[in-house]
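What follows is one structure encoded as structure tokens, with my remarks underneath.
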Amino acid sequence: MTTDGIFTVKYLYSKVISEDGVDNFLHEFVWVHGIPPKVNFFLWCDVHGRLNSQDRLQYKGVDIDSSCRLCGDSTESQDHILLHCKVAHKVWSSVTPSDNWAWAVPDSFYNLASCWNNTPLSGNAKMVWKLLPVVWVLWKERNCRVFEENYTYKLDEELCCDAKTLVLTWAAAFGNTVHLNFAYTVKNWNIVFS
């Protein structure tokens, strides 16, 4: 309670953050309207460093192979899977504008969240950027490779197509039509940014 005896959520939040939390947490990055709640929760876990990637499981005492399930080259961490893996790089490159635009991948997912809204994009492009389908596609593929015994791995191109399809589907589900022809837009992705 505040000094005048009134309970407020703002006061409670400030107490939680001061004792054990992420200061200046960017809720608009995690709780995006138009994304399914399970994906919002996934983003929340990721920003807080709570995804059970191989390195985190080893830290908890689980004896498990620590190589990345997507590329097989590096130790699997949440930042590696979602940002730095060569498969992740291909998928990110496929959904970002390719004309007159450059984006440097941040060193951590928390830093990605911190700079996410500082983009020069506008209109449909900004809406596409806010939906963040890449991390969900990568995490789902990683989980399928880990937990499904007879799973046929998707090619990088299929993951790129999945990310584009997912953002168009999420946009359409919430009334934002960013395409005239779904299949044409997926194949000619830069028209989303024009």
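Laboratory data are not the source of any read-out in this text; all were calculated from the coordinates shown. Every value quoted in this text rests on a predicted model; they were computed, and no experiment measured them. Every residue, glycine as well, gets a Cβ built from its backbone with ideal geometry; the counts of neighbours run over all protein chains shown.
Could you tell me the convex hull volume per residue, in Å³, taken over the Cα atoms of region 41-89?
Details: hull volume 3.3 nm³, N = 49.
Value for region 41-89: 68 Å³ per residue.
Of Lys154/Lys187; Lys15/Lys60; Lys10/Lys164; Lys90/Lys187, which sit over 26 Å apart, Cα to Cα?
Numbers: Lys154/Lys187 18 Å; Lys15/Lys60 28 Å; Lys10/Lys164 37 Å; Lys90/Lys187 15 Å.
Distance filter (> 26 Å) returns Lys15/Lys60; Lys10/Lys164.
For Ser67, what residues show an amide H to amide H distance below 5 Å, using hydrogens built from the backbone and excluding near sequence neighbours?
Here the answer is Glu76, since their amide H atoms fall under 5 Å of that of Ser67.
Using 0.36 nm per residue of separation minus the Cα-Cα distance, give me the extension gain between Lys60 and His48 in nm, one decimal. Before the final figure, lay out each step's value.
On the way: separation 12, 0.36 × 12 = 4.32 nm, distance 1.63 nm.
So the chain would gain 2.7 nm between Lys60 and His48.
If I model a spin label as a point 7 Å beyond the Cα along the Cα-Cβ vector, how far apart are those points for Glu157 and Ala102 in nm?
Going by the 7 Å Cα→Cβ label model, 2.9 nm.
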